[in-house]
Amino acid sequence: KGSSKTPYPSALMGSIALIRQTFLDAQWYGAAHSQQGQSRQPEFNSSYEALANDLQAKRMFLFETENEHSILRAYQIAKEFSLNAVYEGNGYEYRRLPSLVVFKPMLILPLNFPAVPDVSTTERALDVALDDLKHWDAAPENPMRCDSAGLQFCLTTHGLKNKDDFWKNLRKAVERGLKQDVALASMTTQPAKMLGLQNKYGSIKQGNYANLLLSDGNIFEGDAQIRSVFIAGDEYIYSKMPDNDVRGVWSLSIDNGKRLRMDIDGKAESPNGSIKSDTITLQAQFTFSGNTVSFRFTGDTLGFKGVVRLSGSIDSLQAGGTVLFPDGRRAYWSARRDSAYSEKKTDDKKDKPAKQVVRALTMTTPNTAFGVTELPKQQSVVLKNATVWTCNKAGDVLQETDVFIKNGKIAAVGKNLSGGDVIIDVKGKHVTPGIIDEHSHIAIEQGVNEGTHAITAEVRIGDVVFP
């Protein structure tokens, strides 16, 4: 009901009924206004007018879903009204993949993975449901499993409390099996295709708009950063690289006397460094801003009692400025870069951190707490020697009669039946047809009764039965 202040609807079945009624009203409104020469047409309604036009033009409708069952319910509505539908996912799609692949919905998947459950103590661990633990483990694999099932999807930041978590979570999804080319397509070619703009956007080819992303490495690995975004050829700098890469090995001269070695490494935009005198290494605190630099180090081992402070200008080849000694004396310092910075090679496996091994939990049916890895084989059953109330037209009640049940259906009714996997002697017992309950609260979701109306003839229990 959106932002409406009216109490109706308060239950899921009422919400579905309201959606269906709105589409029906819009269809009727559009049909009535399309009739030429009609003496009386319905009063103009801007909402119905817009919706009727959207239905007629087969425009896209977006359904926002909150669990794995919502998509199937939304599909039934889309099917009933022949809608061009797209479904915003919820992260639980992996639980109902066999049902989803039947109609292959176009999905927009969020990456709002659940936080790590708090199991720091045995008491807190008891408060975490097994269902929540299973979803926490499986959620990062949802995009991979959707792709493996042949479903097409786009990715969205919607649902993230902190939008900066998008890339972190996307890389986690890649670690859990999502192919990098599929991940990229879900943010480029797939959205363009979904919007019918694949001939202008989503790929790098002649004639397409120059909407580009520039990063300093593979965006799906490590600490790669986005540097620039190009929109129609115009560059918007996201994370500017420094004008000068000052990293490397430097020769540092202080007051035209003490000669030291200065090593600057780290990232180009946030370098750090150290000062060396022979075999002694002094950790220095560096601050860079444009072409200016300031740093300091404790100089006791070099004969300076206290902190030595240096500041000045720097480029990629040379630097110089003023030094302030602990006793307040000032002097000049200069430096020359002897060699550029090079990444350290870590071929030795001992230098590389061990890659985390992720073992996903086994998928079950249903894929929640206490599901089974495979469905049990259905057995045939023979009920022997029962009093059978057939409820046929003649109203027969059969004595000492057998009922053979196979594949969930009654295969035979008669005397001396055999062949069942299970034979149960029910002599002295009565067998009747199962009672049809016209009012059931079993296996439904989000409320049975639409409590805001005294009479709710518009609702259907079938809309909220677990599909």
**OP:** Can you confirm whether segment 426-442 contains a residue that is at negative phi, surrounded by 12 or more Cβ atoms within 10 Å (Cβ to Cβ) and of a type in the set (Asp, Glu)?
**Re:** no
**OP:** For residue 248, state whether it is open to solvent by less than 70 Å² (accessible area, probe 1.4 Å), modelled with pLDDT of 90 or more, within 30 Å of residue 59 (Cα to Cα) and not acidic (Asp, Glu).
**Re:** no
Original post:
Before we move on, is residue 379 within 23 Å of residue 71 (Cα to Cα), of a type in the set (S, T, N, Q), open to solvent by 80 Å² or more (accessible area, probe 1.4 Å) and assigned to a loop (DSSP other than H, G, I, E, B)?
Top reply: no
Subject >> Residues of segment 261-308 classified as closer than 29 Å to residue 243 by Cα and either among the β-branched types (Val, Ile, Thr) or without any contact (Cβ under 8 Å) to a residue 24 or more places away in the chain (or both), total >> reply: 26
Subject >> Selection status of residue 395, open to solvent by less than 60 Å² (accessible area, probe 1.4 Å), more than 30 Å from residue 133 (Cα to Cα) and in a loop (DSSP other than H, G, I, E, B) >> reply: yes
**OP:** Please enumerate the residues belonging to segment 254-266 that are in contact with a Ser or Thr (Cβ under 6 Å, 6 or more places away or on another chain) and surrounded by fewer than 16 Cβ atoms within 10 Å (Cβ to Cβ).
**Re:** 259
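Residues in segment 153-173: is at least one at positive phi and in contact (Cβ under 8 Å) with a residue 40 or more places away in the chain? Reasoning before the result, please.
Here is the first cut: in segment 153-173, the ones at positive phi are 159.
Okay, now just the ones that are also in contact (Cβ under 8 Å) with a residue 40 or more places away in the chain, so 159.
Yes: one or more hits.
Got a sec? Which strands (runs of 3 or more DSSP E) wholly within segment 250-298 have at least 1 residues that are of a type in the set (S, T, N, Q)?
270-277, 280-289, 292-298
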**OP:** Restricting attention to segment 228-249, report how many residues are assigned to a strand (DSSP E or B) and farther than 16 Å from residue 210 by Cβ.
**Re:** 2
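Which of the residues spanning segment 104-131 are in a loop (DSSP other than H, G, I, E, B) and without any contact (Cβ under 8 Å) to a residue 40 or more places away in the chain?
Once the filter is applied, which keeps residues that are in a loop (DSSP other than H, G, I, E, B) and without any contact (Cβ under 8 Å) to a residue 40 or more places away in the chain, segment 104-131 yields 114, 115, 116, 117, 118, 119, 120, 121, 127, 128.
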**OP:** Sort through 455, 442, 435, 423 and tell me the only one that's outside any loop (DSSP other than H, G, I, E, B) and out of contact with any His (no Cβ under 8 Å at 6 or more places or on another chain).
**Re:** 423
Original post:
Of all residues in segment 400-425, how many are open to solvent by 80 Å² or more (accessible area, probe 1.4 Å) and in contact with a Gly (Cβ under 9 Å, 6 or more places away or on another chain)?
Top reply: 1
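For segment 19-29, does any single residue satisfy the condition of being among the small types (Gly, Ala, Ser), more than 32 Å from the chain's Cα centre (by Cα) and closer than 23 Å to residue 463 by Cβ?
yes
The values are calculated or read from the model by the stated rules, or taken from the named source; none is laboratory data. Predicted model only: the values in this text are computed from it and were never measured. Methodologically, a virtual Cβ is constructed for each residue, glycine included, from the backbone with ideal geometry; neighbour enumeration extends over all protein chains shown. Quick note on the areas: whole protein, heavy atoms, side chains included, nothing else; ligands and nucleic acids left out. Shrake-Rupley method; radii C 1.70, N 1.55, O 1.52, S 1.80 Å.
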